[in-house]
Every structure is written in C-alpha cells, then in structure tokens.
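Visitor: Quick one: the structure is below, and I'll ask about it shortly.
The values are calculated or read from the model by the stated rules, or taken from the named source; none is laboratory data. None of the values given here were measured: they were computed from a predicted structure. Backbone-built Cβ (ideal geometry, glycine too); neighbour counts: all protein chains shown. Ligands, DNA and RNA are excluded from the accessible area calculation, which covers all protein heavy atoms including side chains. Shrake-Rupley method; radii C 1.70, N 1.55, O 1.52, S 1.80 Å.
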Amino acid sequence: MRPASRPSSGVIARLRTAALSLAPSHARGVGGQRWGKRRVNQELLPLTAKAATNVDGRDCVSPRFRPVAAGTGNPAAPGHVPSRHIGSGGSCRREGAPCCDKLYTCRLCHDNNEDHQLDRFKVKEVQCINCEKIQHAQQTCEECSTLFGEYYCSICHLFDKDKKQYHCENCGICRIGPKEDFFHCLKCNLCLAMNLQGKHKCIENVSRQNCPICLEDIHTSRVVAHVLPCGHLLHRTCYEEMLKEGYRCPLCMHSALDMTRYWRQLDDEVAQTPMPSEYQNMTVDILCNDCNGRSTVQFHILGMKCNICDSYNTAQAGGCRISLGQQ
C-alpha cells in the first residue's frame with residue numbers, strides 16, 4: 001500500500017482557517033494560532049491600561065475594565081447579558097466604573113454587586129457592546145455609530161429611553177419630564193409639579209432628607225416622591241403602605257390627607273355614644289396636630305375634637321378634670 005501523501009502547506013492553512021471560523025470566538029488559539037487578545041482580555045481577564053487617541057489627536061492613557069455580567073459579581077463570559085434594571089430593549093453599552101475598574105451595564109447592577117456605590121458623575125468611559133470599543137462616554141459609538149441611549153446626559157452620564165427627561169441644574173440630576181410640567185422650588189430644593197406652585201408648604205432642603213418610613217434616599221430615588229400637606233416627603237410606595245395603618249405624617253403627626261368627611265362621620269358616632277354620667281362633665285386640655293392649637297374640650301372615649309379647626313387629630317395635653325359644680 002502506498003503511504004498517504006502529506007497535504008501541501010496551502011491546504012493545511014485553508015483547513016486551519018476553516019476550523020478557526022467554526023470555533024467559538026473565545027476558544028480560538030488552538031493549533032498554534034494567536035489568541036484573539038482583544039476579546040479574551042476584555043471579556044475574561046483583568047486588563048492593563050491602553051493608549052487611546054484624544055479628540056485633539058494626542059495620546060492619553062485611559063483605564064481598561066473587567067466586564068461583569070449583570071446580576072452577578074463575576075466577570076462576564078463572551079456575549080452580552082442585559083441589565084435587569086433596563087427595559088426589554090436592554091443596553092448597547094457598558095459603563096466603566098473607575099472605583100473598581102469593572103464594566104457594568106448600569107450603575108444599579110454595580111451597586112447591587114459591590115460593597116460601594118458608583119458615582120455616576122465620575123464615569124468617563126463606556127464600552128460598545130457591538131464593536132467592543134472602549135471610548136469616552138457619549139451618546140453614539142464613535143466606531144460603529146451604535147446609539148447607546150435615546151436620552152443621554154453628559155453631566156450625569158445617564159443613558160435611557162426617551163421619557164422626556166431633563167437635567168435640572170439646581171437638583172444636580174436628571175428628572176423625568178416633560179420639563180414644562182415642573183418647576184424647581186428653591187427652598188424645598190426639589191422639582192415639583194406645576195399645580196403645586198404657590199400651593200405647597202415649603203420646608204428647607206426637604207428633598208435631602210431620607211424617607212421617614214424606609215429610611216432610603218428621596219432626592220435621587222427612582223421611586224416617585226409624594227408631597228404631604230405638611231410639606232414632608234415620602235416615597236409614593238411608602239405613602240400607600242402608610243395609609244393602610246394610619247393617616248398621619250410619621251414626622252409631625254399632621255393629617256396626611258383631607259379628613260373632613262371622616263371627621264363628620266366621627267361627629268355622628270360621638271353624638272350617638274353618650275358617656276357614662278360620671279364622665280359627662282369631664283373636660284381635658286388637648287393639642288391639635290393639624291392646626292397646632294390648644295383648647296379645652298369635653299372628654300370622650302371616641303376622640304376629642306379641636307375647637308379651632310374641628311379636627312379629631314388631637315392629643316391630650318393635660319389631665320382630666322371635672323367642673324367644681326359637679327364634684
């Protein structure tokens with residue numbers, strides 16, 4: 001039998017090229033071929049600094065990052081894992097976190113997986129998911145023209161779908177608009193709906209306080225804030241939960257909504273529930289949580305009504321006493 005002839009070097013090269021084209025991109029490098037260093041480094045390994053070209057043509061050194069899969073603290077495998085905090089459309093970029101030299105799809109994914117928070121104002125670079133180019137933070141990829149977000153703020157480095165957002169200079173962050181529907185109250189230091197202009201109670205820097213129920217930040221929260229008649233703020237979700245248990249502001253005890261109808265119902269119940277004879281002439285000093293007024297009223301087990309504003313949101317401010325004529 002004649003021994004098989006050795007393939008020519010050209011045939012070997014073509015077979016090797018075909019094999020590499022069928023192999024997964026992160027597994028190439030078999031058979032003496034060079035690894036696809038750009039993909040392997042960006043997707044799997046910690047990276048060193050790279051040289052990038054600045055807008056004026058000079059070379060500048062910018063940090064390279066380790067991509068992290070959304071929802072985990074582990075480096076991302078090749079392929080894009082969309083953020084669970086972004087809509088079904090996902091995201092076309094990863095943001096470089098200068099605090100830990102990692103790439104995350106969004107700052108919330110970063111905050112959920114690290115022991116620190118990402119300062120969005122310090123984000124300087126992003127990586128395009130499609131072409132993998134790391135570049136200065138901007139709305140469109142400079143390499144493949146991929147749109148990173150319908151809305152982009154160059155101050156907050158916020159990428160998002162178009163929700164009529166606008167950047168408020170006084171708040172220092174982006175708000176969901178449209179802008180013409182809101183105004184910034186300088187004393188409250190917060191953007192409020194136009195229908196509250198001149199009709200709300202101002203509390204200085206109220207938005208810089210945490211929600212008194214969940215103790216989380218209000219100013220930068222993604223949850224809508226609810227303004228109480230007393231001027232204090234709660235997360236809308238916390239406000240709705242609060243109403244299941246009570247009706248008063250947890251900070252000042254002022255009624256959190258219009259209770260006039262309920263007070264009238266309580267009037268009827270008091271009238272239909274006479275006190276025992278030994279209590280019928282008993283009076284008590286009360287403090288009203290709604291008008292902050294003090295008054296002396298007849299004691300009743302169902303509640304003591306303020307003589308000034310007719311509210312039953314009152315608290316006893318002294319001991320009970322019986323008039324001298326009845327002792």
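Visitor: Filter the stretch 128-156 down to the residues that are in contact (Cβ under 8 Å) with a residue 12 or more places away in the chain, part of a loop (DSSP other than H, G, I, E, B) and open to solvent by 60 Å² or more (accessible area, probe 1.4 Å) and list them by number.
Guide: Matches in the stretch 128-156: N130, Q139, E143, E150, S154, I155.
Each row is one residue, and each column tells you yes or no for (1) within 20 Å of the chain's Cα centre (by Cα); (2) over 22 Å from S221 (Cα atoms); (3) modelled with pLDDT of 50 or more.
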{"position": "V68", "(1), (2), (3)": "no, yes, yes"}
{"position": "P78", "(1), (2), (3)": "no, yes, no"}
{"position": "S83", "(1), (2), (3)": "yes, no, yes"}
{"position": "G87", "(1), (2), (3)": "yes, no, no"}
{"position": "R94", "(1), (2), (3)": "yes, no, yes"}
{"position": "P98", "(1), (2), (3)": "no, yes, yes"}
{"position": "T105", "(1), (2), (3)": "yes, no, yes"}
{"position": "L108", "(1), (2), (3)": "yes, no, yes"}
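Visitor: Just checking, how many residues over the stretch 193-207 are surrounded by fewer than 18 Cβ atoms within 10 Å (Cβ to Cβ) and hydrophobic (A, V, I, L, M, F, W, C)?
Guide: 4
Visitor: Let me ask something else about it. Which number in (1) open to solvent by 80 Å² or more (accessible area, probe 1.4 Å); (2) farther than 30 Å from L228 by Cα; (3) over 17 Å from the mean Cα position of the chain (by Cα) marks the one condition that L186 misses?
Guide: If we test L186 against (1) open to solvent by 80 Å² or more (accessible area, probe 1.4 Å); (2) farther than 30 Å from L228 by Cα; (3) over 17 Å from the mean Cα position of the chain (by Cα), just (2) comes out false.
Visitor: Could you give me the residue pairs with C-beta distances under 8 Å whose first residue belongs to the stretch 267-280 and is free of Cβ contacts under 8 Å to residues at least 40 places away in the same chain, whose second residue is among the aliphatic types (A, V, I, L, M) wherever it lies, and which are 6+ apart or on separate chains?
Guide: E269/L302; V270/L302; T273/I301; T273/L302; M275/M282; M275/I301
Visitor: Select from the stretch 208-219 the residues that are at pLDDT below 90 and open to solvent by less than 50 Å² (accessible area, probe 1.4 Å) and write down the one among them that is farthest from E241 (Cα to Cα).
Guide: Within the stretch 208-219, the match that is farthest from E241 (Cα to Cα) is H219.
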